[in-house]
Amino acid sequence: MLLRNAVLATLDPARVASGDLRVDGGSISDRAPGLAARDDEDVLDLEGALVLPGFVNAHTHLYSALARGMPGPKVPLRSFVEILERVWWRLDRALDEETLRLSALAGAIDAALSGVTLVVDHHASPSAIPGSLDTLQRAVEEVGLRSVLCYEVTDRNGPEGRDLGLEESRRFLASGPTSLTRGMVGAHASFTLSEETMERLGVLVEEADAPFHIHVAEDPADVEDCWHRYGVGLVERLGGHRLLRPSSLLAHGVHLEPAELEEAQDRGAWLIHNPRSNMNNDVGYAPTYAFRRAALGTDGMDGDVLAEARVAYLKLREAGRDDAVPAALRFMTGGHRLATETAWPPVAERRCLPPVAQ
Ligand SMILES: [Zn+2]
């Protein structure tokens, strides 16, 4: 197919140019002004429409999509842990297969309408664990999006819930990828994970050779719990269980120390920045000056990564950063780099597009 008269925007490098685009077998094969149509080709005149790369939402929770517009608790919530206990852990426990399916459909449609083509999801439905990742997969594939899915392993629902979470992860990874969906190993956060569970997660990650996805230092409570119970920082605890490796996704990192951020990124982990969620939960502003390997997530606020990027930019400006525009753009393109590193290595020819005329 030949797409004519487009305004072609690329993020890396950031530029905008008029031109045509040839799509061949699902890949962009040519990009230039005034491309000649081939005999066997469908031609679509875009009349100046904007064409952008698909965005990546590197950390979200499709299970919370139906919570938009839901009234909050009547009493004020005093801490991050109270927000989890009084809102999200009540909501995820109420999900059954049908509400999960509808939630995933609503979340995936919202993502698609926001220009997102890859959703990295972190799932929890403690009352409906077995098969839940298949339900998510069917819903997201029905909308036509790519996704990387994992089940959130945790000890907060007792040993039975923990074992079901590990088994769901193992089962889904063993079922193999499809053209649109990959699996990874998920875990809630250090403060709801025992040493035994962390060790079993490390074994599963190594056996499956899968990426790992966890909340890290979203709130000071996670940091304090780790020092209090284990006498080490969060990054050291993860590393001790072989969970700090290339393609590990650490969501938030708001309260990690500079040396911990360096070590995590040097070992190949990615930091996922979720500024709107951090503002909403009043957990503080992430040390983004030290985020090198980083991408954006909406953390279930909605599916709109461009809105997340705008807030990321505003927070960078508020923090006094003169380089707020390129820094926010790097978070966006970080999602693409993360995707190619962890789940979708590019086909060789996709790397060899001709440059866009200025
Ligand atoms: Zn999250």
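Against the test of being open to solvent by 50 Å² or more (accessible area, probe 1.4 Å), in contact (Cβ under 8 Å) with a residue 12 or more places away in the chain and more than 16 Å from the ligand (Cβ to nearest atom), the options 9, 14, 32 yield a single qualifying residue, 14. Just to verify a result, which residue in region 269-284, among those that are out of contact with any helix residue (DSSP H, G or I) (no Cβ under 6 Å at 6 or more places or on another chain) and open to solvent by 10 Å² or more (accessible area, probe 1.4 Å), is nearest to the ligand (Cβ to nearest atom)? Across region 269-284, the extreme among qualifying residues is 280. Scanning region 275-326 for residues that are outside any loop (DSSP other than H, G, I, E, B), among the charged types (D, E, K, R) and more than 29 Å from residue 106 (Cα to Cα) yields 317, 318.
Given the condition modelled with pLDDT of 95 or more, buried (at least 23 other Cβ atoms within 10 Å of the Cβ) and charged (D, E, K, R), answer yes or no: does some residue in region 315-328 qualify? Within region 315-328, not a single residue is modelled with pLDDT of 95 or more, buried (at least 23 other Cβ atoms within 10 Å of the Cβ) and charged (D, E, K, R). Looking across 191, 212, one residue alone is over 22 Å from residue 136 (Cα atoms), modelled with pLDDT of 95 or more, under 23 Å from the mean Cα position of the chain (by Cα) and not aliphatic (A, V, I, L, M). It is 191. Within the option set 237, 200, 229, being farther than 16 Å from residue 152 by Cα, more than 16 Å from the ligand (Cβ to nearest atom) and open to solvent by 40 Å² or more (accessible area, probe 1.4 Å) holds for one residue only, 229.
Screening the candidates 119, 140 for the property of being of a type in the set (A, V, I, L, M, F, W, C), in contact (Cβ under 8 Å) with a residue 40 or more places away in the chain and not in a helix (DSSP H, G or I) yields one hit, 119. Looking across region 226-273, the residues that are of a type in the set (Gly, Ala, Ser), under 20 Å from residue 339 (Cα atoms) and not in a loop (DSSP other than H, G, I, E, B) come down to 248, 251, 264.
Filtered by the rule that a residue be in a helix (DSSP H, G or I), open to solvent by less than 90 Å² (accessible area, probe 1.4 Å) and over 18 Å from residue 218 (Cβ atoms), region 68-100 gives 94, 99, 100. As a summary of the residue check, residue 50 satisfies the conditions (1) open to solvent by 80 Å² or more (accessible area, probe 1.4 Å); (2) touching a residue at least 40 places away in the same chain (Cβ under 8 Å); (3) more than 30 Å from residue 278 (Cβ to Cβ) except for the one numbered (3). Residue selection: residue 305 satisfies the criterion of being touching a Leu at 6+ places or on another chain (Cβ under 6 Å), buried (at least 21 other Cβ atoms within 10 Å of the Cβ), closer than 28 Å to residue 88 by Cβ and among the β-branched types (Val, Ile, Thr).
The values are calculated or read from the model by the stated rules, or taken from the named source; none is laboratory data. Not measured: the values here are computed from a predicted model. Glycine gets a Cβ as well: all are built from the backbone with ideal geometry, and neighbour counts include every protein chain shown. Please note that ligands, DNA and RNA were not included when accessible areas were found on the heavy atoms of the full protein model with its side chains. Shrake-Rupley method; radii C 1.70, N 1.55, O 1.52, S 1.80 Å.
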